[in-house]
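K.L.:
This structure is in C-alpha cells; I'll ask about it shortly.
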Amino acid sequence: MILDIKGVTKVFHGKGESKNVANDNITFTINKGEIFGLLGHNGAGKTTLVNQILGLLTPDHGDIHLLGKSVTQSSAHARSLCSIQPQSQVSLGLLTPKQAVTLIGKMRMGKKFEPKRVEALFEALDMGAWANTEGEKLSGGVRRLTAFCMAVIAPGELVILDEPTNDVDPVRRSYLWQVIRELTKNGSAVILVTHNVLEAEKAVDRVAIMDKGKILTQGNPSEVKSLVEDRMRIELSLENEFINIEVPDWSLSPHQNGSRLIFSLDPSKVSSTIDWAKNLTDKGLVIDYSLSPTTIEDVYIELTSKRGKFRNEYGQPL
Ligand SMILES: Nc1ncnc2c1ncn2[C@@H]1O[C@H](COP(=O)(O)OP(=O)(O)OP(=O)(O)O)[C@@H](O)[C@H]1O
C-alpha cells in the first residue's frame with residue numbers, strides 16, 4: 001500500500017463561531033500501480049485533502065501515511081514521495097517546455113536524470129513542435145501538457161494530477177491517458193482529481209465520490225455503478241442549449257449540461273423513452289440520442305443532488 005488515509009477531518013474556522021468542515025472523516029487507501037479517481041463538485045474538499053497528503057496542511061483529526069510513514073510527522077517525506085500537477089496553470093515565464101521539464105527532472109533525479117526522457121515524453125504526447133517555444137507564447141492546452149510533463153518526468157511513488165486534461169485536445173488527451181497508464185505499470189500510484197466523470201470512468205481502477213467534505217461512495221467503477229444497476233440512461237443532443245424540453249414523468253435525475261440532456265430510467269420504460277426521443281428528433285429539437293447502461297456520471301449526479309435513493313455496498317441507505 002502506498003497511501004493510507006484514516007479518519008481525516010479538516011475544519012477551516014471563519015469569523016466568530018463560523019466553521020467550514022472541508023474534510024469530514026475521510027478514509028481510503030491506494031495501492032501501488034493503481035489509478036484512483038477523486039471526483040467531486042467545486043468545494044467538495046478535494047484540494048484540501050491533496051494539500052494534507054502533501055503535508056502542506058495538517059489534519060485536525062486522523063492521519064495520513066505514505067509508505068508507512070506519517071505525513072503529519074514528516075512533510076518532507078511526503079514531498080519527496082509525491083509529484084503533483086496542480087489545478088492552476090503553471091507560470092513558465094520565458095522558459096520553454098523543454099527547459100522547464102528538464103529543470104524538474106534534474107532537481108528530482110540529480111545526476112541520474114537522462115535528458116532523452118524529455119524527448120520521449122514529448123514524443124508520446126506529440127508536443128515536440130512546441131518544445132522550444134517560450135512559455136508565454138504557448139496555448140493553454142500546451143501549457144497544461146507541459147505541467148503534466150513536469151509532474152511525471154521523474155514520477156514519485158504517488159503522482160497527483162489535478163484536472164490534467166483541461167484545455168487539452170481529444171487526441172492528446174488519449175496520449176496522456178496512455179502515459180498515465182505507463183506510470184502505473186512502472187509502479188507509481190496515481191490520484192486523478194477531476195470533475196470530468198465520464199473521462200475518469202474510462203481511466204480509473206477505483207474511484208471515490210466526494211461531496212461537502214465527505215466520501216459518499218468508493219470502489220471500482222462496477223461497484224460504484226451497481227448503486228444504480230437496474231437503470232438505463234438516455235443522452236440527447238439538443239439542437240441548441242437554449243431549448244427547454246419537458247422531460248417525461250418517468251425520468252430520474254434529469255439534468256442538462258449545455259446542449260446535453262441526460263436522465264436515467266427504469267428498463268421497463270425503454271420503449272416509451274425511444275418513442276418520446278424520436279418524436280423530438282422528428283420535430284428537429286433533438287439532433288440525436290443514445291441509450292446505454294448507467295455510467296459513474298449518473299451515480300455521481302444522483303448522489304450529489306438527491307440523497308436517500310441509494311444504498312451502499314452493505315445495503316444501507318446513503
Ligand atoms: N484556506 C482556506 N480557508 C478557509 N476555507 C477554505 C480554505 N481552503 C478551502 N476552503 C474551503 O473548504 C472547502 C473545500 O475546498 P477545496 O478547495 O478543498 O474544494 P475542491 O473540491 O478542491 O474544489 P474545486 O474543485 O473547486 O477546486 C470549500 O468550502 C472552501 O471554500
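K.L.:
For the condition in contact with a helix residue (DSSP H, G or I) (Cβ under 8 Å, 6 or more places away or on another chain), surrounded by 15 or more Cβ atoms within 10 Å (Cβ to Cβ) and part of a helix (DSSP H, G or I), what is the one hit in Gly105, Gly33, Gly37, Gly55?
P.N.:
Numbers: Gly33 fails: part of a helix (DSSP H, G or I); Gly37 fails: part of a helix (DSSP H, G or I); Gly55 fails: part of a helix (DSSP H, G or I).
Just one listed residue meets the conditions, Gly105.
K.L.:
Here's another thing I want to ask about it. For the stretch 17-25, state whether one or more residues are among the aliphatic types (A, V, I, L, M) and either in contact with a helix residue (DSSP H, G or I) (Cβ under 7 Å, 6 or more places away or on another chain) or in contact (Cβ under 8 Å) with a residue 60 or more places away in the chain (or both). Quick ask: steps written out before the conclusion?
P.N.:
Initial filter on the stretch 17-25 (among the aliphatic types (A, V, I, L, M)): 21-22.
From what is left, the residues that are either in contact with a helix residue (DSSP H, G or I) (Cβ under 7 Å, 6 or more places away or on another chain) or in contact (Cβ under 8 Å) with a residue 60 or more places away in the chain (or both) are 21-22.
Looking for residues that are among the aliphatic types (A, V, I, L, M) and either in contact with a helix residue (DSSP H, G or I) (Cβ under 7 Å, 6 or more places away or on another chain) or in contact (Cβ under 8 Å) with a residue 60 or more places away in the chain (or both), one finds at least one in the stretch 17-25, hence yes.
K.L.:
Filter the stretch 209-236 for residues that are loosely packed, with under 15 Cβ neighbours inside 10 Å and free of Cβ contacts under 8 Å to residues at least 60 places away in the same chain; which is nearest to Gly37 (Cα to Cα)?
P.N.:
Asn220
K.L.:
Can we say Gly213 is away from the ligand (no atom under 16 Å from the Cβ) and either in contact with a Lys or Arg (Cβ under 7 Å, 6 or more places away or on another chain) or under 23 Å from Thr48 (Cα atoms) (or both)? Spell out how you get there, then give the answer.
P.N.:
On the way: away from the ligand (no atom under 16 Å from the Cβ): no; either in contact with a Lys or Arg (Cβ under 7 Å, 6 or more places away or on another chain) or under 23 Å from Thr48 (Cα atoms) (or both): yes.
Answer is no for this residue.
K.L.:
Considering each residue of the stretch 233-259, count those that are assigned to a strand (DSSP E or B) and in contact with a helix residue (DSSP H, G or I) (Cβ under 9 Å, 6 or more places away or on another chain), and give that number.
P.N.:
So in the stretch 233-259, the residues assigned to a strand (DSSP E or B) come out as 233-238, 252-257.
Then drop every residue that is not in contact with a helix residue (DSSP H, G or I) (Cβ under 9 Å, 6 or more places away or on another chain), which leaves 233-234, 236, 238, 252-253, 255.
Adding up the residues that qualify gives 7.
K.L.:
Do you know which residues across the stretch 12-57 are among the β-branched types (Val, Ile, Thr), touching a Lys or Arg at 6+ places or on another chain (Cβ under 8 Å) and within 14 Å of the ligand (Cβ to nearest atom)?
P.N.:
Residues satisfying the conditions are Val21, Ile26, Thr48.
Read the figures in this text as sums done on the coordinates, not as results from a lab. Predicted model, so just to flag it, every value in this text is computed and none were measured. Positions of Cβ are backbone-derived with ideal geometry, glycine not excepted, and every protein chain shown enters the neighbour counts.
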